[in-house]
1. Mind listing just one residue for me: the one in the stretch 150-168 that is more than 11 Å from residue 140 (Cβ to Cβ), among the small types (Gly, Ala, Ser) and at pLDDT below 95 and, of those, farthest from the chain's Cα centre (by Cα)?
2. Pull out all pairs, ordered by first then second residue, where Cβ-Cβ is under 7 Å, the residues are six or more apart or on different chains, the first lies in the stretch 395-414 and is loosely packed, with under 15 Cβ neighbours inside 10 Å, and the second is outside any loop (DSSP other than H, G, I, E, B).
3. Residues being assigned to a loop (DSSP other than H, G, I, E, B) and surrounded by 16 or more Cβ atoms within 10 Å (Cβ to Cβ): count how many of those fall in the stretch 351-365.
4. Step by step: first the residues of the stretch 304-344, then only those that are surrounded by fewer than 18 Cβ atoms within 10 Å (Cβ to Cβ) and small (Gly, Ala, Ser), then the one that is modelled with the highest pLDDT. Which residue is that?
5. Quick test of your reading of the structure: residue 226 fulfils all but one of (1) within 26 Å of residue 96 (Cα to Cα); (2) not in a loop (DSSP other than H, G, I, E, B). Name the failing condition by number.
6. So, of the residues in the stretch 281-335 that are among the polar types (S, T, N, Q) and in a helix (DSSP H, G or I), which turns out to be nearest to the chain's Cα centre (by Cα)?
7. Which count do you get for residues in the stretch 45-67 that are of a type in the set (Val, Ile, Thr) and either closer than 17 Å to residue 87 by Cβ or touching an Asp or Glu at 6+ places or on another chain (Cβ under 7 Å) (or both)?
8. Just to check your reading of the model, which residue among 600, 617, 563, 632 is in contact with a strand residue (DSSP E or B) (Cβ under 7 Å, 6 or more places away or on another chain), more than 30 Å from residue 664 (Cβ to Cβ) and not small (Gly, Ala, Ser)?
Amino acid sequence: MNSPRRLDPLLKPRSIAVVGASARPGSPGNEVLVNLRKGSFSGDLFAVNPGSNSIDGIACYPSLSALPLVPQHVVFAVSDARVEACLDEAIALGVPAATIFSSLQLQQDRSRPLRRRVRDKALAAGLLLHGGNCMGFFNFHDGVWISGFDTRAHNAAGNVALLSQSGAGMSGILDCEERLAFSFAASTGQELCLAMEDYLDYVLDLPETRVVGLFLETSRHPAKFIAALDKARQRKVPIVVIKVGKSDLAAQLAVSHSGALVGSDASYQAVFDRYGVQRVDDMTQLATALIMFAQPCPVAGGGLVCLHDSGGERQLAIDLAEQLQVPLTELEPSTVERLEPLLDDGLPAVNPLDAWGSGGAGAAQTMSDCFTAILSDPGAALGAVIHDRAPGGEIYPSYVEYLRAAQLATSKPVFLVANHQGSGGDPRVVQATAQGTPVLDGLREFLVGARCLLSWRNFMAQADASALPGLDAGKLARWRELLRAGQPLSEAVAGDLLRDFDIPVANGVSIADAEQLGALSGQLHYPVVLKTAMPGIAHKSEVGGVILGLASFDELQAAYKQLAARLGPRALIVPMVEGAGVEMILGVARDAQFGPVVLLGLGGIHTEVVRDVALLLPPFSPFRARQAVDGLQMRKLLGELRGRPGLAIDQYCDMASRLSVLAVALADCISEVDINPVSLMVDDCIGLDALIVPRNPG
């Protein structure tokens, strides 16, 4: 993607010119000068405005060409009516980088609108263009604050990078959350030349970046996005994302169940799962998670321990932790023995721990000792003191002392959490957070952040030694030739294709008329299933095209006569799969941005109703498929149940892995695959129906 220094003229320039510089307070042309001074920009700074000789002590020139040197970066703080001419001048001078804040819209614009003209000119010139319609960016370590809008004082460069395709998505956290110390922040706007992916790649190369927050609307360059996420994984930099547009707009033209279940948001989630990206729902959760990742202590093994001074609020924490799937540590016997002498009678030595009791003069020391004890437990990964704020929104200094003592003893992450902050404030909140003992507001938000920390730890620790299944190159070539013909595949041919790559699908006999059926007398093993094979019928059960449990040839003939009369003569006869089990689904759909994705989960006739499915980015191993299956809401149906042994989940996961490898190998010629249902039994699994849709069907 980026060479290490490619974006330096834009993000780390030695000289900056502000076209449209102004002395009027609050105007973009003035705010950008104010911000560059706030950030202590150390390079050459020029103002460009033909109506002034000097602005706020900065020498002002009538045009870019009048400057004593060609600036590395030009900021356009001018109206849309003037921006194109100014851009032309910058390009003619060989300026390498520029920022445009405005929306690039003109009334009664020509058929080739201004935004497109600006983009085309910048790309042709190789100009590194930030924007338009953005709020700029902040490179805090190098003092480059390029924004036409007011911002708060940022006292020290930190370790958090924030990238947002929404201007408010950046400023709503950057300017309002003093508990975060940022290394870099950018509002990417229209992304005419440079996109979110370019900035993400850039900040991952900065040694100070500890965590990255994203406010994401879409990826304009999916391959570059995935490459950046993989770089983050390799460099052990967690990414926390808000992805807006979660509404499940299933592909309306999808032929298969799999295609109908794959909305764009589900595909993004598959990408996030593949690369360990932690997803949150709103900006409060994003800010909280970033604060938690930015603190200095690594998360240990185990779960959460927390200290309370209220039995009722402890119960609230237990309920929310279960709802949000945050594991609470069960204390070791040695920890219990350490706690019991510290607690008042009637207070159990359990986690979460209510240790307040009757209070009294020594209560603060008791609480501190108790918190250190539970955080020292071998199963404690991180700890929280969950106490409400003092009157006026203040925090009691003793609460922070609990944190510091426990952190000093264990080197584990610690947090002070209020169930509700209220309207007051306390400057010690920012101070304590900066010192590595974050103070947070909102129990749910904290637990979401804790889940992110634990999930990231688990993702980075997981070891997948499973090898991907191999594919026969000769078979791939033969099937690719057939698929590229673009003709629809019958179920029988789809089954042949899948079985050729060791994906178990029931093997049937095709017939075209009653005469062919008669020739099978005495050759079949009963019971059997009769299915229509008429072209154009993708979902046979929905039209009564599947007849089960035919126990003799006479029953088969009668059923065929009735089926042929209703739907047509072509049919498929397959063995009836007997044995208790659960109907699953396996499928492949094609996402418009990320290509093939694989669907697995509960199937059969309840596919669309239950929707208990997972989406994975192929290819993946049986190990990864097993993780997805274990995460299904109705996973218990697949284990031991009322005397029935557990089902053959490993075989199903191997089948899913093989399909994932095939999906990538034939991505150029397959649009959808639907194996539904897959009969998952105690000792086997087999697909009972198969549909394959070529990418360009005739």
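The values are calculated or read from the model by the stated rules, or taken from the named source; none is laboratory data. Not measured: the values here are computed from a predicted model. Cβ: placed from backbone, ideal geometry, glycine included. Neighbour counts: every protein chain shown.
1. Taking the candidates together, the pick is 153.
2. What qualifies is 398/364; 409/372.
3. 5
4. Ranking the qualifying residues of the stretch 304-344, first place goes to 334.
5. For residue 226, the exception is condition (1).
6. 285
7. Within the stretch 45-67, residues that are of a type in the set (Val, Ile, Thr) and either closer than 17 Å to residue 87 by Cβ or touching an Asp or Glu at 6+ places or on another chain (Cβ under 7 Å) (or both) number 1.
8. 563
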